[in-house]
Amino acid sequence: MRTEEFKSPDMSAEKFTEFARKALDFASEYLNNIEDYPVLPDIQPGDIKKLLPAELPERGEDFSAILEDTKKLIAPGMTHWNHPGFMAYFNSTSSRPGIIGELLSAVFNNNAMVWKSGPASAELEEVTLEWFRKLVRIDSLFRGFIYDTASVSVMHAFSAARENLGLGIREHGIFGRKLPRLKIYASDQAHSSIDKAALLMGTGLDGIEKIPVDKNFAMRPEVLEEKLSSDINSGIKPLCIVATIGTTGSTAIDPVPEIAAIAKKYNVWLHIDAAHAGVTSMLPEKKNLFNGHELADSIVLNPHKWMFVPIDLSVLFIKNPDILKRAFSLVPEYLKTSADETATNYMDYGIQLGRRFRSLKFWYVMRYFGREGLTNIIMGHLETAEYFLSKLKAESRIEILAPLNFSTICFRYIGENKLDEAELDRINESLLDKINQDGRIFLSHTKLNGKFTIRIVFSGLTQTKHHADIAFDVIQSAINNH
Ligand SMILES: *Cc1c(COP(=O)(O)O)cnc(C)c1O
């Protein structure tokens, strides 16, 4: 019989309250004063490692020391994604309600592999994704699933597409037997996550047909149809077609209605990648963004990008979830439950068994801001981008390199005298370095038609025209001093 009182090895309840409060005080202060930090830290690879002990402590440490090191060593070594001067890549800012959701999901520590192991988590996921589906005007033919990133979402979409071909790959694999060659069709502007999914699908990188684009960087559907029909005639089996709404380089929009008609004609799975720009369809001005999507089979959007949900949270909408289930469901005896017939066991719809409670933070964000709040914030970003574009257009030394479709602007310096392309690439590269060394903003680049292109994106939660003015100022002084 156990007589001694049980003592939990965890931090005591009193200490938890004390240090959680201290951590929250730090979090508030950090978020309130984030503009005091340079967006990009002035450090070199290895600098942070040098500051940290190489060995774990033998005996547990006091939590105040851990918190202190977080402030002193970790925070200054961060690239500050929540900084309004973060205008690189595609922004992903977290909102305070989303942060609270992230905290509480760790408190519940729910693992909704089967409904029984996380009933509220499983059902909240269904409810929030129905809210989201309606918010972004996606047809009720589709059902949503949460994954960590768009890269993993698209891998699941392709897996379902492959299962749908009925080649017996789930049972017999792809090696050592006679199978047709499979191919994926996407524009030459499509995201590299498509290529990565191809690595997993077994098509190889040669199995991706990169369709050329028009002057606006949108896929040319007539070329898609040519390639598709000639490939089919030579015995190739199309695995899927990817249409992008908002490409990573310039936010180009592939013509979904035309592409969908081709997919239907040749009976090929259509996947729509709207990871960044898809959320804008909540705006009345963008209500036609998903025109033609009813003919698609899967669609991905990332609330962790432009909907202020802390990374990570990506949503895959799929028309026929049973195919996804057919691709992945494996139910060992120890995971069978009596609710299997009536409830969703999320482990059946993907590669992972363990599954964290991501929908909580998403629910908080949608409830806290509401449709109106979210719409107004995103509308503000589109207006800020228009405003910034008009400033750039008035600067004769700048050339605009792509149409403004959402809130990303692609431009480069061209100077007063005519310079050759190689020279322009070199100057713009060093200009970008100079811009980023200023500390107030962080921009990234791409290549469009082979030209070094600077990109600026307005999609951060706290960005306003004021930050567009700062960005313009930084760019102008970099030009004047280059
Ligand atoms: C960001 C992005 C991705 C990849 O998103 P992850 O969630 O980081 O995997 C894919 N496609 C497009 C169009 C994107 O903008």
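State the number of residues belonging to the range 282-337 that are of a type in the set (Val, Ile, Thr), away from the ligand (no atom under 16 Å from the Cβ) and either open to solvent by 40 Å² or more (accessible area, probe 1.4 Å) or not in a loop (DSSP other than H, G, I, E, B) (or both).
Here the count works out to 3.
Give the number of residues within the range 72-95 that are over 19 Å from the mean Cα position of the chain (by Cα) and either within 16 Å of the ligand (Cβ to nearest atom) or more than 13 Å from residue 38 (Cβ to Cβ) (or both).
Residues meeting the conditions: 3.
Hey, among the residues in the range 251-281 that are of a type in the set (Ser, Thr, Tyr) and crowded, with 24+ Cβ neighbours inside 10 Å, which one's nearest to the ligand (Cβ to nearest atom)?
Step by step, filter the range 251-281, then rank; the result is 251.
Take the residues of the range 229-241 that are without any contact (Cβ under 8 Å) to a residue 60 or more places away in the chain and within 29 Å of the chain's Cα centre (by Cα): which is farthest from the ligand (Cβ to nearest atom)?
238
Looking at the range 200-214, which of its residues are more than 21 Å from residue 262 (Cα to Cα) and either more than 14 Å from the ligand (Cβ to nearest atom) or buried (at least 17 other Cβ atoms within 10 Å of the Cβ) (or both)?
The answer is 201, 202, 203, 204, 205, 206.
Of the conditions (1) closer than 24 Å to residue 445 by Cβ; (2) touching a residue at least 24 places away in the same chain (Cβ under 8 Å), residue 214 fails just one. Which one is it?
Here residue 214 meets the rest and fails (2).
Looking at the range 8-78, what helices (runs of 4 or more DSSP H) fall wholly within it and have at least 2 residues that are touching a Phe, Trp or Tyr at 6+ places or on another chain (Cβ under 9 Å)?
Filter on the range 8-78 gives 13-32, 63-69.
Name the one entry in 392, 382 that is open to solvent by less than 10 Å² (accessible area, probe 1.4 Å) and either hydrophobic (A, V, I, L, M, F, W, C) or within 30 Å of residue 431 (Cβ to Cβ) (or both).
Testing whether each residue is open to solvent by less than 10 Å² (accessible area, probe 1.4 Å) and either hydrophobic (A, V, I, L, M, F, W, C) or within 30 Å of residue 431 (Cβ to Cβ) (or both) leaves just 392.
Would you please list the contacts, defined by Cβ atoms under 7 Å and residues six or more apart or on different chains, that run from a residue in the range 290-310 that is closer than 18 Å to residue 240 by Cβ to a residue that is more than 14 Å from the ligand (Cβ to nearest atom) and among the aromatic types (Phe, Trp, Tyr)?
Close Cβ pairs (under 7 Å, with a partner that is more than 14 Å from the ligand (Cβ to nearest atom) and among the aromatic types (Phe, Trp, Tyr)) amount to 297/269; 298/317; 299/142; 299/317.
Could you list, in sequence order, all residues of the range 100-157 that are free of Cβ contacts under 8 Å to residues at least 12 places away in the same chain and within 20 Å of residue 294 (Cα to Cα)?
Those that are free of Cβ contacts under 8 Å to residues at least 12 places away in the same chain and within 20 Å of residue 294 (Cα to Cα): 134, 140.
Which of the residues that make up the range 339-352 are out of contact with any Lys or Arg (no Cβ under 7 Å at 6 or more places or on another chain) and over 17 Å from residue 120 (Cα atoms)?
Once the filter is applied, which keeps residues that are out of contact with any Lys or Arg (no Cβ under 7 Å at 6 or more places or on another chain) and over 17 Å from residue 120 (Cα atoms), the range 339-352 yields 341, 350, 351, 352.
What residue, among those in the range 448-464 that are within 14 Å of residue 408 (Cα to Cα) and outside any loop (DSSP other than H, G, I, E, B), is nearest to the chain's Cα centre (by Cα)?
By that ranking, first place goes to 457.
The values are calculated or read from the model by the stated rules, or taken from the named source; none is laboratory data. It should be emphasised that the depicted structure is a prediction, and the values quoted were computed from it without experimental measurement. Heads up, the Cβs are rebuilt from the backbone with ideal geometry, glycines too, and the neighbour counts pull from every protein chain shown. Only protein heavy atoms, including side chains, enter the accessible area calculation; ligands, DNA and RNA are left aside. Shrake-Rupley method; radii C 1.70, N 1.55, O 1.52, S 1.80 Å.
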